[in-house]
Protein chains: 2
Amino acid sequence: MPNTRLDAIDRRILAALQRDARLSNVQLAEEVNLSPSPCLRRVRQLEAEGLIRGYHAELDRGGVGLGLTVFVGVKVERHHEAEANAFREAVVALPEVISAHLVSGESDFLLQVVVADLAAYERFLTGTLLRLPGVSDIRSNFAIQSVKEHGPLPLTQPEDKGRSP
Amino acid sequence: MPNTRLDAIDRRILAALQRDARLSNVQLAEEVNLSPSPCLRRVRQLEAEGLIRGYHAELDRGGVGLGLTVFVGVKVERHHEAEANAFREAVVALPEVISAHLVSGESDFLLQVVVADLAAYERFLTGTLLRLPGVSDIRSNFAIQSVKEHGPLPLTQPEDKGRSP
DNA sequence: TCTTTATTGGCATCTTCTGCCAATTTTAGC
DNA sequence: GCTAAAATTGGCAGAAGATGCCAATAAAGA
């Protein structure tokens, strides 16, 4: 039930939690100009509605030994719808794949793969990815530099509603 | 100073916070088999070391009116190093671009762009992206379906150290 | 304008956070 | 294997935050 349309306060709550998910409810309430009670109620509602899907720590990839990010374009043999489904399910289960989308264009799927180094990627590619059902072509694009990561979703202007004294 | 190597407990802390950044310290401590004090100290240290880069709420894109995700491959005119830098900086400032990487392969940069719909993308493309410095070629791949999103980074086995009774 | 409904703010209680210290465990050297 | 030094842990106490409830306020509708 995607009912409620968001008001300015909801948007500011979402923006704040997107920036820092560990804000205390008191801080958050202050930031959106509300007292703690209704603020918490709104957060709970946003969670219940599914607008907030979760809260996650962002880790330093290099720091946890995952120095190599690869964007992988995959073509699957169409014609067999079943195989595309099998591919999807297989991909979801692979821990090295942190995101996967069905896309238009050259490739059918675009995966973001995270591994320790080139050797690990080679193992992943030949040992896992190439063996998935229906895979017909793979194009690997290595991330050389990260220009922007984890950018916040651009919520439409959580503009402060002016208030006259 | 990227000094400390992570032990099993640190990895479990990271894994837990990656899954749910709003765990209370008490819950987290319980999950990693530690009392709250040392647990909190480890979290603080991981933050200070930069291993934890932040905590973010994951929002439902459709729910906040951002129904279209596009992966955009961009070629920039090499030769002019300065222009590549200008492009990088411009891209960081664009709210529609939630991630950007310098990559090997066909394109020079791979951007992930989030907008409301096709009309908004058209505006973004012609009004913004095509006008950036040094851009020579753009390839847009539209996300048709999200197979996997926000997958956790695969931390090396936070395996429970067996304990005999 | 008068109802009816939804939302807010404050309060009381319970839980959690967080700094400090002694006790325990781990590490290093011999 | 044993001792000394260093690091880590667990518990405690005061401070801060979370959360359910209710009356008051604001918004919507008739």
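The values are calculated or read from the model by the stated rules, or taken from the named source; none is laboratory data. As the structure is a prediction and not an experimental result, all values here were calculated from the model. Cβ placement follows ideal geometry from the backbone for every residue including glycine, while neighbour counts extend to all protein chains displayed.
Mind telling me which of the residues B:Asp10, B:Asp60 ends up being charged (D, E, K, R) and either in contact with a Phe, Trp or Tyr (Cβ under 6 Å, 6 or more places away or on another chain) or within 11 Å of DNA strand D (Cβ to nearest atom) (or both)? Write out each step before concluding.
Numbers: B:Asp60 fails: either in contact with a Phe, Trp or Tyr (Cβ under 6 Å, 6 or more places away or on another chain) or within 11 Å of DNA strand D (Cβ to nearest atom) (or both).
Sole residue among the options that is charged (D, E, K, R) and either in contact with a Phe, Trp or Tyr (Cβ under 6 Å, 6 or more places away or on another chain) or within 11 Å of DNA strand D (Cβ to nearest atom) (or both): B:Asp10.
Please work out which residue is surrounded by the fewest Cβ atoms within 10 Å (Cβ to Cβ), limiting yourself to region A:119-157 and to residues that are aliphatic (A, V, I, L, M) and in contact with a His (Cβ under 8 Å, 6 or more places away or on another chain).
Let us first name the residues in region A:119-157 that are aliphatic (A, V, I, L, M), namely A:119-120, A:125, A:129-130, A:132, A:135, A:138, A:143-144, A:147, A:153, A:155.
Within this subset, residues satisfying the condition of being in contact with a His (Cβ under 8 Å, 6 or more places away or on another chain) are A:143-144, A:147.
Numbers: A:Ala143: 20, A:Ile144: 13, A:Val147: 19.
Here the residue is A:Ile144.
Can you pull out every residue in region B:58-83 that is surrounded by 18 or more Cβ atoms within 10 Å (Cβ to Cβ) and either at pLDDT below 95 or part of a helix (DSSP H, G or I) (or both)?
Selection gives B:Gly63, B:Val64, B:Val76.
Here is a list: A:Leu28, A:Leu46, A:Leu23, A:Leu94. Which entry is touching a Cys at 6+ places or on another chain (Cβ under 9 Å) and either within 27 Å of B:Leu153 (Cβ to Cβ) or among the charged types (D, E, K, R) (or both)?
On the way: A:Leu46 fails: touching a Cys at 6+ places or on another chain (Cβ under 9 Å); A:Leu23 fails: touching a Cys at 6+ places or on another chain (Cβ under 9 Å); A:Leu94 fails: touching a Cys at 6+ places or on another chain (Cβ under 9 Å).
Just a single option satisfies the conditions, and that option is A:Leu28.
Kindly provide the set of residues from region A:84-132 that are within 11 Å of another protein chain (Cβ to nearest Cβ) and of a type in the set (Gly, Ala, Ser), ordered by number. Don't jump to the end; show me each part of the working.
Quick first cut of region A:84-132, residues within 11 Å of another protein chain (Cβ to nearest Cβ) only: A:84-85, A:87-116, A:120, A:124.
Hits for region A:84-132 are A:Ala84, A:Ala90, A:Ala93, A:Ser99, A:Ala100, A:Ser104, A:Gly105, A:Ser107, A:Ala116, A:Ala120.
Check whether at least one residue in region A:81-89 is outside the structural domain of A:Glu122 (by TED's automatic domain parsing) and farther than 21 Å from B:Leu28 by Cβ, and report yes or no.
As a first pass, look at region A:81-89 and keep what is outside the structural domain of A:Glu122 (by TED's automatic domain parsing): none.
Scanning region A:81-89, I find no residue that is outside the structural domain of A:Glu122 (by TED's automatic domain parsing) and farther than 21 Å from B:Leu28 by Cβ, so the answer is no.
Please give the number of the condition A:Gly54 fails out of (1) assigned to a helix (DSSP H, G or I); (2) without any contact (Cβ under 8 Å) to a residue 24 or more places away in the chain.
Among (1) assigned to a helix (DSSP H, G or I); (2) without any contact (Cβ under 8 Å) to a residue 24 or more places away in the chain, the lone unmet condition for A:Gly54 is (1).
Working only within region B:25-41, note down all residues that are within 9 Å of DNA strand C (Cβ to nearest atom) and surrounded by fewer than 16 Cβ atoms within 10 Å (Cβ to Cβ).
Here is the first cut: in region B:25-41, the ones within 9 Å of DNA strand C (Cβ to nearest atom) are B:25-29, B:35-41.
Hits for region B:25-41 are B:Asn25, B:Val26, B:Gln27, B:Ser35, B:Pro36, B:Ser37, B:Pro38, B:Leu40, B:Arg41.
Out of B:Arg22, B:Arg5, B:Arg44, I need the residue that is of a type in the set (D, E, K, R), in contact with a strand residue (DSSP E or B) (Cβ under 7 Å, 6 or more places away or on another chain), within 13 Å of another protein chain (Cβ to nearest Cβ) and within 12 Å of DNA strand C (Cβ to nearest atom). Which one? Steps first, please.
Values: B:Arg5 fails: in contact with a strand residue (DSSP E or B) (Cβ under 7 Å, 6 or more places away or on another chain); B:Arg44 fails: in contact with a strand residue (DSSP E or B) (Cβ under 7 Å, 6 or more places away or on another chain).
Unique residue meeting the criteria: B:Arg22.
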